[in-house]
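Report on the following structure.
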Amino acid sequence: MTDVADLTGPAVLASEYFRSYSVVGLLAVVGVLFVAVAFGAGRLMRPVVPTPEKLLTYECGVDPVGEGWAHTQVRYYVYAFLYVIFAVDSIFLFPWATVFAAPGYGATTLVEMFIFLGFLAVGLLYAWKKGVLEWT
């Protein structure tokens, strides 16, 4: 007859622990296989008829002028990056407002949000001090 302690031993707990991760791993493998099969099927089924027109650089239906390489200012990427950072961070304000209204979470969530906004302010101040926000 087995003891109850044998059914809740470390081996059983580890088995349950890794079983939950095996489901996640299996889903990841299935996802990677799905993408690989989709790309492989697309590569096998697409028509391959190279013509000189297909090898030209495409510029919105206009014949390309000059070389295919153009210099782009890095500050445009920095502005876009800053926008994405602050837009994504501002999305966190909406769940905070919902939790802040719940009873028992007022002071804690208020302090956490001011810490979060402080990090955003430090990031914005750093970008401003480095001259990233100067449009010249």
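Every number in this text was worked out from the coordinates using simple rules, so none of it is lab data. Model, not experiment: these values are computed from the prediction. Backbone-built Cβ (ideal geometry, glycine too); neighbour counts: all protein chains shown.
Data overview
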{"read-out": "Projected label distance in nm at Val99 and Phe18, using a 7 Å step from Cα toward the beta-carbon", "value": "3.4"}
{"read-out": "Extension reserve of the Leu110-Glu134 stretch, reckoned as 0.36 nm per residue once the Cα distance is removed", "value": "5.4 nm"}
{"read-out": "Phi to ³J(HN,Hα) by Karplus 6.51 cos²θ - 1.76 cosθ + 1.60 over the stretch 119-133, Hz, x for Gly, Pro", "value": "4, 5, 5, 5, x, 5, 5, 4, 5, 5, 5, 6, x, 5, 8"}
